[in-house]
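These notes are about the structure you will find just below.
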Amino acid sequence: MLVVLLELTIKQIPSAKYPGRNKEFFFDAISEYEVISSPFNQTDTAEFTIPKDIYARDSNNKLYSLVDTNKPLNGSASVAPLFLKGDEITFNRGYLYQEKRGAEYVDVIRMTGRNGLPDLFTGYISEVSSDKPFVLKCEDAMWKLKQIPVKKNTWKGYSVQKIFTEILKGTEFTVSKKSDITIDYDMGHFETGDETAAQVLARVRKDLKFCAYFRGKELRIGYPIYYEDEARTLDFGFQENIISSDLVYARKDDVILSAVVTTKEPKVATKQSKDGGDKTRIEDKEILVYTNKDGVFEYTAKKPFAENVQGERRTLTYTNVTEKEMFKLAVADLQKYHYTGFSGDFTTFALPHVKPGDNARITSPVLPDQNGTYKVKQVRYYGSESAGARQEITVDYKLNI
């Protein structure tokens with residue numbers, strides 16, 4: 001028999017108003033929880049619903065009643081609330097079960113945050129509800145970037161990677177050193193000011209259409225989206241550990257793909273910036289890449305592009321490349337999605353724990369020709385102590401392994 005284990009740790013962070021807040025609290029009872037993790041979302045989010053009729057335990061095993069906790073969130077009370085925005089969150093889950101070893105059965109605990117598995121979620125409280133039951137909304141390290149102000153500055157000849165390395169200098173965060181065409185892209189004459197680091201990131205991300213996400217305290221920008229040296233291959237089987245499935249199986253000949261492909265080129269504007277330098281704007285050049293009736297990739301630069309009446313149309317962005325290079329790069333990207341196999345998502349138990357970027361090996365004892373390994377795009381972790389523990393896994397594309 002499997003017993004669900006949940007561990008929620010909340011570390012108080014002192015503030016100017018409450019400098020004495022420095023305790024750490026632990027919960028092993030949660031009414032409901034949901035964590036959504038994907039490099040395509042920019043921010044991983046979590047929400048925990050906690051009953052107020054339980055106690056929080058601190059590092060000295062002292063119990064604190066949650067009744068009337070956090071009523072005065074505006075700080076009007078003389079006693080500081082137990083939980084505030086910015087407090088650090090760590091969440092893990094797993095199972096307790098018995099395993100036969102020799103003639104005896106022993107208790108075994110398998111959960112995230114132990115034995116080499118990463119924590120399921122680390123982040124910060126972004127919102128606290130004082131209702132009953134108690135709701136904590138949380139975000140990963142991207143929440144911290146929303147608190148980091150960026151001074152007015154003109155970044156001449158800086159790459160995206162170098163800009164954010166400078167912005168985050170002196171903080172606890174680093175920028176991945178893995179480089180590619182996106183983060184090495186020269187932003188030309190780029191201006192910032194009166195905004196947060198997260199707002200700057202969102203602005204650049206919108207212009208260049210790249211992914212940006214945190215893995216722990218490392219900010220990863222652009223490509224690669226998935227770091228293959230961290231990927232684990234995990235097994236999931238129909239009639240085994242797949243509980244339910246919204247996977248759709250299609251043959252390659254029936255897959256119709258197209259993409260609007262954009263290249264970003266810095267152009268020097270005629271108007272100068274406030275400091276007298278040349279002002280740079282980013283211009284787009286677009287082509288439409290598609291599969292013809294024979295399944296062969298072609299492209300056109302003639303607008304207006306044909307409507308997307310069938311199949312799937314994607315958006316791809318590159319920087320400083322020619323029209324022919326745009327087509328070549330787009331075909332390489334689209335070919336990842338031009339395969340015979342599954343798309344969609346499926347739901348499993350909490351273990352084996354899978355994270356975005358891992359590989360899901362899906363097998364079917366009934367239809368073995370449908371076996372395949374897929375890159376994991378997103379995972380939604382959800383459940384409760386009473387209702388069990390689940391993970392909804394969304395696949396991105398099929399791997400040739």
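Only one of the values (1) 66, 24, 15; (2) 41, 33, 16; (3) 53, 29, 19 was calculated from this structure for semi-axes √(5λ) of the Cα gyration tensor in Å; name its label.
(2)
Report, in listed order, any pair from K252/K377; K169/K375; K11/K132; K302/K377; K85/K375 with a Cα-Cα distance greater than 24 Å.
Cα-Cα > 24 Å for K169/K375; K302/K377; K85/K375; rest within.
With n ≥ 4 as the cut-off for DSSP H runs, can you work out [θ] at 222 nm for the chain, using -39500 (n - 2.57) per run divided by the number of residues, rounded to the nearest 500?
Theoretical 222 nm ellipticity from helices: -2500 deg cm²/dmol.
If I model a spin label at E127 and E230 as a point 7 Å from the Cα along the Cα→Cβ vector, what separation in nanometres do I get?
My value for the distance between the label points is 2.7 nm.
Considering the chain as a Gaussian network with a 10 Å cut-off on Cα pairs, which listed residue, K151, K162, K377, attains the greatest mean-square fluctuation?
Among K151, K162, K377, the largest GNM mean-square fluctuation belongs to K151.
Given +1 on the Cβ of Lys and Arg, -1 on the Cβ of Asp and Glu, and no further charges, what dipole in debye does the chain carry about its Cα centre, rounded to the nearest 20?
1100
Compare the Cα positions of N320, A332, P356 along the charge dipole of region 290-401 (+1 at Cβ of Lys, Arg; -1 at Cβ of Asp, Glu; about the Cα centre) and return the one farthest towards the positive end.
Working it through, the farthest residue towards the positive pole turns out to be N320.
Can you run phi through the Karplus equation (6.51, -1.76, 1.60; θ = phi - 60°) for region 144-158 and list ³J(HN,Hα) in whole Hz, with x for Gly and Pro?
Each residue's phi maps through the Karplus curve to give 5, 5, 6, 9, 9, x, 10, 6, 4, 7, 10, 9, 8, x, 8 Hz.
Can you list the chymotrypsin sites (Phe, Trp or Tyr not before Pro) in region 122-200 that are in a DSSP coil and have 12 or fewer other beta carbons within 10 angstrom?
Within region 122-200, no chymotrypsin sites (Phe, Trp or Tyr not before Pro) qualify (loop, at most 12 other Cβ atoms within 10 Å).
Sequence-distant or interchain residues sharing an amide H contact under 5 Å with K146, placed H: which?
For K146, whose amide H was placed from the backbone, the distant partners under 5 Å are A198.
For I30, which sequence-distant residues (separation of 5 or more, or a different chain) have an amide H within less than 5 Å of its own amide H, given hydrogens modelled in the peptide plane?
E385
Trypsin sites (Lys or Arg not before Pro), restricted to region 1-69: which are DSSP loop and have at most 10 other Cβ atoms within 10 Å?
K17
May I ask you to compute the full-extension gain from Q310 to K152, defined as 0.36 nm times their residue separation minus their alpha-carbon distance, rounded to one decimal in nm?
Roughly 52.2 nm would be gained on extension.
So how do Y105, Y337, Y290 rank on accessible area, 1.4 Å probe, biggest first, that is with the largest at the start?
My answer, sorted largest first, is Y105, Y290, Y337.
Over the chain, what relative contact order in percent results from Cα pairs under 8 Å that are six or more residues apart?
This gives 16 percent for the chain.
The values are calculated or read from the model by the stated rules, or taken from the named source; none is laboratory data. Since this is a predicted model, take the numbers as computed values, not measurements. Quick reminder, even Gly has a Cβ in these numbers, built from the backbone with ideal geometry, and neighbours come from all protein chains shown. Protein only, heavy atoms only, side chains kept; ligands, DNA and RNA dropped before computing areas. Shrake-Rupley method; radii C 1.70, N 1.55, O 1.52, S 1.80 Å.
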